[in-house]
Each structure stands twice: as C-alpha cells, then as structure tokens.
Amino acid sequence: MKLQYRNKFGSLPVRILRRFGRALRRTGYNALVLLPGFRFLKAYEGKQGPITLSIWFMQKVLGFNRAAYWGVHFTSKVTQPKQIIVGRNTNPGIEPGCYIQGIGTVIIGDYTAIAARTSIISANHDLYDLNKHLPGRVEIGSNCWIGVNCVILPDVTLGDFTIVAAGSIVTKPFPEGYCVIAGNPARKIRDLDRERCHPRNETDPYIGYMPAAEFEAYRAAYLWT
C-alpha cells in the first residue's frame, strides 16, 4: 500500500511532497549562491573538503571556530587562527575531530587535503613550566595529503606532494616532498615519480571564504604572520 500524507487538501503521495521540498531547496540555494557573500558555495562544489552551507551555518552563525577565515567542522578546534596561513581550496579542520594549533606559525599550501582527527601542533609546553608555550613553526606544502589520525609536531616542514600515511606521528622535516612517509616516528617509505605529480590549477580558486585575489589584503590587515 502506497504511503499517503493527509492534510487539509486531502491525500497526497509523500513522494510528491519530497520532490517539491527538494525543488524548493534547490531554488533557494541557487538564489543564495548569487549573493556576493555566498559565492564560495558554488566555488567549492565538487572540490575536496568543500565548504557547505551547513559548515558555514555552524561556524559563522552558531559560532564554532568563528574566528577562522576558512571552513572548519564544528567538532574540530582551531586555536589562534591569526597565526595560520592556508592556501587555495585548503581547509584544515573541515573534516571532523581535527585540532589545529596556531600558537606558533602554521603555513599550509594550496590544494592540500587533511583527513579527520588530524592534529597540527605548532608549540610545545616548556618542560619546567607547563604554563609556558615554546612556539615553533609548521609548514606543509601544496598538493599534500595528510591521512586520518595523523599528528604533525612543531618545527616540521613537509614539501609539496608529501603523503602522510594514516596514523603517522611526524616529528622531523621532510622538506624535499614528493614522497610517502609513515610510522611513529614517521619515516620515508617511498619516493613519488615527479613526472606523474600534476599540480592542480583550478579557475576562480578560493582561500577559505574569500576569493584568492583578496587574500593578501586580508592577511596584511588581520593576520599576524
């Protein structure tokens, strides 16, 4: 028996109501992305780690990680975002359960994917006074892939096209890039063929919520690094 929905207009198949609801949402969404402040939604469609309307709502309306200028999942945590530089279509913490610590400096390049439950730590505690932090620096290149449950510790540099295997703890630099690293502590397990590594070159790229062309002015005005 077909499920029916009864209202004051009589019986109507639930399927029709659902289709109507979807069409209504699409119409509202298509109108929304035309507004200057929401064009990022269209720019991120089909991209890795896209900023969606629900991400924006939880972050900018409800206030989870509101100070970050890029998309962050509400279960992730970002500290001191003014010390963090992210590249085009790179949104550290947009996957659930991440911890991005900007007490020191963090710089992440373009098109770098960071999986769920990753921690990027840019400062350690002083061994003799745990109330003190010792700021360091973390640099991650472009077109990198950080697997799930990874930890990147202070004073680590990862060159372009570095792949960090799931569950790795990275304690030292791999500035040459073009490699796969894994383990605790992480070590190089494979070199990548540079000829097969193709940098992404997308039109109309965004940095977080803003067009890339506006980022340098934003950085000069609001960021500390």
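The values are calculated or read from the model by the stated rules, or taken from the named source; none is laboratory data. Because the structure is a prediction, the values reported are computed rather than measured. Methodologically, a virtual Cβ is constructed for each residue, glycine included, from the backbone with ideal geometry; neighbour enumeration extends over all protein chains shown.
Kindly indicate whether Ala217 is surrounded by fewer than 13 Cβ atoms within 10 Å (Cβ to Cβ), of a type in the set (A, V, I, L, M, F, W, C), assigned by TED's automatic domain parsing to the domain that holds Gly71 and more than 21 Å from Gln80 (Cα to Cα). Explain how you work it out, then say what you get.
Details: surrounded by fewer than 13 Cβ atoms within 10 Å (Cβ to Cβ): yes; of a type in the set (A, V, I, L, M, F, W, C): yes; assigned by TED's automatic domain parsing to the domain that holds Gly71: yes; more than 21 Å from Gln80 (Cα to Cα): no.
So Ala217 does not fit the description; no.
Return the residues of region 210-225 that are part of a helix (DSSP H, G or I) and under 21 Å from Gly37 (Cβ atoms); say none if nothing qualifies. Lay out the reasoning, then the answer.
Initial filter on region 210-225 (part of a helix (DSSP H, G or I)): 212-222.
Of everything in region 210-225, those that are part of a helix (DSSP H, G or I) and under 21 Å from Gly37 (Cβ atoms) turn out to be Ala212, Ala213, Glu214, Phe215, Glu216, Ala217, Tyr218, Arg219, Ala221, Tyr222.
Given the options Thr75, Thr79, name the one that is modelled with pLDDT of 95 or more, touching a Gly at 6+ places or on another chain (Cβ under 7 Å) and more than 23 Å from Arg137 (Cα to Cα).
Numbers: Thr79 fails: more than 23 Å from Arg137 (Cα to Cα).
Sole residue among the options that is modelled with pLDDT of 95 or more, touching a Gly at 6+ places or on another chain (Cβ under 7 Å) and more than 23 Å from Arg137 (Cα to Cα): Thr75.
Being among the hydrophobic types (A, V, I, L, M, F, W, C) and closer than 21 Å to Asn91 by Cβ is true for just one of Ile169, Ile152. Which residue is that?
Values: Ile169 fails: closer than 21 Å to Asn91 by Cβ.
From the options Ile169, Ile152, the qualifying one is Ile152.
Return the residues of region 56-72 that are of a type in the set (D, E, K, R) and either under 12 Å from the mean Cα position of the chain (by Cα) or at pLDDT below 95 (or both); say none if nothing qualifies. Spell out how you get there, then give the answer.
Let us first name the residues in region 56-72 that are of a type in the set (D, E, K, R), namely 60, 66.
Answer for region 56-72, where residues must be of a type in the set (D, E, K, R) and either under 12 Å from the mean Cα position of the chain (by Cα) or at pLDDT below 95 (or both): there is none.
Of the residues Trp56, Trp70, which single one is assigned by TED's automatic domain parsing to the domain that holds Thr118 and in a helix (DSSP H, G or I)? Lay out the reasoning, then the answer.
Working: Trp70 fails: in a helix (DSSP H, G or I).
The unique qualifying residue is Trp56.
Would you mind telling me which numbered condition in (1) loosely packed, with under 14 Cβ neighbours inside 10 Å; (2) at pLDDT 95 or above; (3) of a type in the set (S, T, N, Q) Thr203 fails?
Of everything listed in (1) loosely packed, with under 14 Cβ neighbours inside 10 Å; (2) at pLDDT 95 or above; (3) of a type in the set (S, T, N, Q), Thr203 misses just condition (2).
Every residue, every condition in (1) aromatic (Phe, Trp, Tyr); (2) at pLDDT 95 or above; (3) buried (at least 17 other Cβ atoms within 10 Å of the Cβ), yes or no:
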| position | (1), (2), (3) |
| --- | --- |
| Ile84 | no, yes, yes |
| Asn89 | no, no, yes |
| Arg117 | no, yes, yes |
| Ile146 | no, yes, yes |
| Asn149 | no, yes, no |
